[in-house]
Amino acid sequence: MRDPDEPTVVVIDDDARVRDALGRLLESVGVRTQLHAASAEFLKAGRPTGPACLVLDVRLPGQGGLDFQQELIRAGIQLPIIFITGHGDIQMSVQAMKAGAIEFLTKPFRDQDLLDAILQGLDRDRARLAADSYTQDLRARFDTLTQREREVMASVVVGRLNKQIANDLGLSEITIKLHRGHVMKKMQAATFADLVLMAEKLRTMEKVS
C-alpha cells in the first residue's frame with residue numbers, strides 16, 4: 001500500500017513518447033508518477049494528497065499549459081509547475097514564471113535539469129503542506145478557547161498587564177491569571193513569545209480568508 005505522504009510527480013504531455021520517457025526517468029530514481037495526455041485527465045484523477053509537482057507541456061490539444069496554469073490558480077489548486085516545451089519563447093517563459101512556475105525547460109533538456117527542478121518543486125510543496133497543517137492545527141486550538149479566554153488572549157498579546165486586563169474586563173486579577181493559564185495551555189504555547197507569534201499567525205489567516 002502506497003504511503004499517502006510519498007511524493008508524486010504529475011506529467012501532462014500529449015506526446016506518448018515523451019510521457020513514457022519521463023515516466024521511466026522518474027521511476028529510475030524512485031519517484032511515483034501520474035502520467036496524463038491532457039489536463040482534463042488530471043482534473044478527473046484529482047491532485048495527489050502528498051507532496052507533488054506538475055511537469056506540464058506548454059502546447060496541449062484544447063486547453064494549453066499556460067491556460068491550465070491559470071485555471072489551477074483560479075481553482076485554488078496549489079501545485080508547483082515545471083513547464084516543458086519544444087516551441088517556447090521568451091514571452092511564454094516570462095508569463096509562466098510570473099504566474100509562479102518553477103522552471104521553463106525547452107526540449108531537448110538535460111534529465112538532470114528536470115530532476116533538479118522537480119526536487120525544488122517537491123521541497124516547496126512539502127513546506128507548503130507542513131505550513132497548511134500547522135495553520136489548521138492552530139485554528140483548531142483557538143476554536144477551543146471560550147469567548148472570555150479569547151478576550152484575555154487579545155489583551156495579553158498586545159502587552160496589557162493582568163491588572164490592566166482585569167480592570168478592562170471588570171474581573172479580578174486572580175481570574176485573569178486563571179484565564180491566561182488556560183489560554184497558554186489550550187494554545188500549547190510554552191512562552192509568551194510563542195503566544196504572540198500564534199496570535200499574529202491567526203490575524204494573518206483572518207486577513208487571507
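Here, each number is a calculation from the coordinates, and none is a lab measurement. Note that this is a predicted model, so its numbers are computed, not measured. Backbone-built Cβ (ideal geometry, glycine too); neighbour counts: all protein chains shown.
Ignoring lysines fewer than eight residues from residue 177 along the same chain, the ones with Cα atoms less than 23 angstrom from its Cα are 163, 185, 186. Charged side chains reduced to their Cβ positions (Lys and Arg at +1, Asp and Glu at -1) give the range 1-119 a dipole of some 160 debye around its Cα centre. Model label points for residue 204 and residue 150, set 7 angstrom from Cα along the Cα-to-Cβ axis, are 2.1 nm apart. Between residue 99 and any residue 5 or more places off or on another chain, the built amide H atoms are never under 5 Å apart.
Round to the nearest 10 and give me the degree value, 0 to 90, for the angle of helix 16-28's Cα axis relative to the longest principal axis of the chain. With rounding to tens, the tilt is 60 degrees. Annotation: the range 8-130 has a Kirkwood hydrodynamic radius of 14.2 angstrom, from the mean reciprocal C-alpha pair distance. In this calculation the C-beta distance from residue 111 to residue 43 is compared with R0 = 30 Å, giving a FRET efficiency of 0.60.
Between residue 32 and residue 173, the simple spin-label model (points 7 angstrom out along Cα→Cβ) gives 5.7 nm. Placing +1 on the Cβ of every Lys and Arg and -1 on the Cβ of every Asp and Glu, with no other charges, gives the chain a dipole of roughly 960 debye about its Cα centre.
Computed from phi, the 3J(HN,Hα) profile of the range 80-95 under the Karplus parametrisation 6.51, -1.76, 1.60 (θ = phi - 60°) reads x, 10, 10, 8, 10, 7, x, 9, x, 9, 4, 4, 4, 4, 4, 4 Hz, with x in place of Gly and Pro. The stretch between residue 67 and residue 5 holds 19.5 nm of extra length on full extension. This uses 0.36 nm per residue minus the Cα-Cα distance.
Relative contact order of the chain, taken over Cα pairs closer than 8 Å and 6 or more residues apart, is 15 percent. Derived scalar couplings between HN and Hα for the range 49-63 equal 6, x, x, 8, 8, 10, 9, 10, 6, 5, 9, 10, x, x, 7 Hz in order, rounded to whole Hz, by the Karplus curve 6.51 cos²θ - 1.76 cosθ + 1.60 (θ = phi - 60°), x for Gly and Pro. Between helix 173-187 and the chain there is an angle of about 20 degrees, using the helix long axis and the longest principal axis of the Cα atoms.
Entry note, the range 144-208: relative contact order of 34 percent, from Cα contacts under 8 Å with a spacing of 6+ residues.
At a Förster distance of 30 Å, what's the computed FRET efficiency of residue 21 paired with residue 119, Cβ-Cβ distance as r, to 0.05? After rounding, the FRET efficiency stands at 0.95.
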